[in-house]
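Inspection log for the structure reproduced underneath, given as structure tokens.
The values are calculated or read from the model by the stated rules, or taken from the named source; none is laboratory data. Everything numeric in this text was worked out from a predicted model, so none of it was measured. A quick note on method: Cβ atoms are made from the backbone with ideal geometry, for glycine too, and the neighbour counts reach across all protein chains shown. Please note that ligands, DNA and RNA were not included when accessible areas were found on the heavy atoms of the full protein model with its side chains. Shrake-Rupley method; radii C 1.70, N 1.55, O 1.52, S 1.80 Å.
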Amino acid sequence: MMKTLLRRASLLSMKSGQYAPETDILIENGKIAATGKLPVAAGCRVVDCENKVVMPSLFDAHVHMVREEMMLQCIACGITSVRHLSGGMRQREYDRDIRAGKRIGPYIYSSGPIIDSVTAPKISPSHVYVHNPDEAERAVRDTVKDGYRWVKTYPSLSPEELKRVMDTANELNIKVCGHMSYHVDGKTLTDWGYACCEHSSSLPKADDGIDYMADHGMWFCPTQVVCETLPDYVWNGKKFEDLPDYRYVPKSTRELWEEKNAEIIEGYRKIGLKPDIQVIINRGKRFMERSKRYMAGSDAIYPGIIGGFALHDELYKLVTLYGLAPIDALRAATLYPADYMELNGKGEIAPGMDADILILEEDPLADIRNTRKIFAVMQGGTLYDRAQLDAMLADITNPDKEFEVLSPLF
């Protein structure tokens, strides 16, 4: 693989939150070989990064990679890794091809299929439904046997089923994440070793429950962008076509969104679920004021949540609604997901780390929206310049292009 030298960059460290100006970064064999004031070796590709910000590429820590166009959306938006949370063997095949250089897309770190009880109010063809604790244990063992990285649960599991999930996962040393539980409180789940609460809306209603989770080591992924879809689309009449980046949603996905959103609207209106979004935000803020164990995730491809682009929306909301400093929002999409997933080579730019890099035109610490102003993206030493990123986006908007459906959305 060709050596690449990024010259005269403003290198932003996620750990220190500080810039190292006029820094050179040498990439060799998919790794960062050196940083500092470096000579240009013979045959080395040089990328002029003067007046550019260089930082780790982004990590969407809650996503459902169920449609092929999301691969291009992510890379075009500077996301080179994702935490995929609904299983599927096709996604694992894609990940192998991406790592082998046969396809373009983010590295896919995947949970197993979602585990829930047969008493769940809605049945999905992609989930695993259990009748009893023995079946719950079997579902966890299957998750491990099939090579997935985490167990994910939905909240209808009975206390006995969920306890068996946790006991088995702890025995097999695999983390459990998900939507918490309708039947087991947050303190108990924390004590059982539940690893991560997905969505601000899944946090306990009571402050002491949130405090206990934050103080005793649970992780949290707020996905504020998807929490807002309920008031926006169910009650306030927002339309998908009003999304700024809607042109990057293929026709087949638009049709799927409309179909699924009609079902969602009917279901929520039938039960009259109309949450106060500020209450949801306040719960998430409380957790994040007590703990740095949080990650930024979008929940794409939920209706109204566009792959890639929605993570930038989430970062903006983490700053403007949750009160994070821009550097902490960036850590939530770089360093913190790498820490949660124990990926020692990611989340920072330093010798020995993976060459997963985002090059920005403007300073994201001055305005978090500058994460959208992308000059180039590097993944494992492969550089995508602005022209190549624009070509990916153009491919998505091509009306004759058909994208594969990797697995069901619900």
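For the chain, the solvent-accessible area with a 1.4 angstrom probe is 41 square angstrom per residue. Under conditions of 37 °C and 0.692 mPa s, region 87-232 yields 204 µm² s⁻¹ as its translational diffusion coefficient, taking Rh as the Kirkwood radius over Cα pairs in the Stokes-Einstein equation. Model label points for Asn51 and Asp208, set 7 angstrom from Cα along the Cα-to-Cβ axis, are 5.8 nm apart. Relative to the dominant Cα principal axis of the chain, helix 251-271 is inclined by about 40°. For the chain, carbon and sulfur atoms together expose 48% of the accessible surface, with a 1.4 angstrom probe and every protein chain in place.
For region 158-289, the Kirkwood radius over C-alpha pairs fed into Stokes-Einstein at 37 °C and 0.692 mPa s yields D = 196 µm² per second.
An ellipsoid equivalent to region 50-128, defined through the eigenvalues of its Cα gyration tensor, has semi-axes of 29, 14, 10 Å when rounded to whole angstrom and sorted largest first. Restricting region 18-100 to GluC sites (Glu not before Pro) that sit in a DSSP loop and have at most 12 other Cβ atoms within 10 Å of their own Cβ leaves Glu50.
What lysines sit close enough to Lys122 to cross-link, taking a C-alpha to C-alpha distance under 17 Å and skipping anything fewer than 8 places away on the same chain? Cα-Cα hits under 17 Å: Lys152, Lys260, Lys270. Evaluated at q = 0.09, 0.17 Å⁻¹, the base-10 log of the normalised Debye intensity for region 1-110, with identical point scatterers placed on the Cα atoms, takes the values -0.31, -0.90. With Cα atoms defining each centre, region 150-199 and region 22-42 are spaced 44 Å apart in the structure. Give me the percent relative contact order of the chain, please, defined on Cα pairs under 8 angstrom at least 6 residues apart. Once divided by the residue count of the chain, the mean separation gives 22 percent. Checking the Cα-Cα distances for Lys102/Lys251; Lys3/Lys31; Lys15/Lys292; Lys163/Lys274 against a 19 Å cut-off, the pairs over it are Lys102/Lys251; Lys163/Lys274. Nearest 10 degrees, 0 to 90: what angle lies between the long axis of helix 277-290 and the longest principal axis of the chain (Cα atoms)? Once rounded, the angle reads 60 degrees. Taking the structure as given and computing Cα extents along the principal axes in Å, which label from [x] 65, 46, 40; [y] 82, 50, 35; [z] 74, 36, 31 fits? Given [x] 65, 46, 40; [y] 82, 50, 35; [z] 74, 36, 31, the calculated one carries the label [x]. For a 4.7 Å threshold on C-beta separation, the list of partnerless cysteines in the chain reads Cys44, Cys49, Cys74, Cys77, Cys197, Cys221, Cys227. Using θ = phi - 60° in the Karplus curve 6.51 cos²θ - 1.76 cosθ + 1.60, the 3J(HN,Hα) couplings for region 380-392 round to x, x, 8, 9, 10, 7, 4, 5, 5, 5, 5, 5, 4 Hz; x is entered for Gly and Pro.
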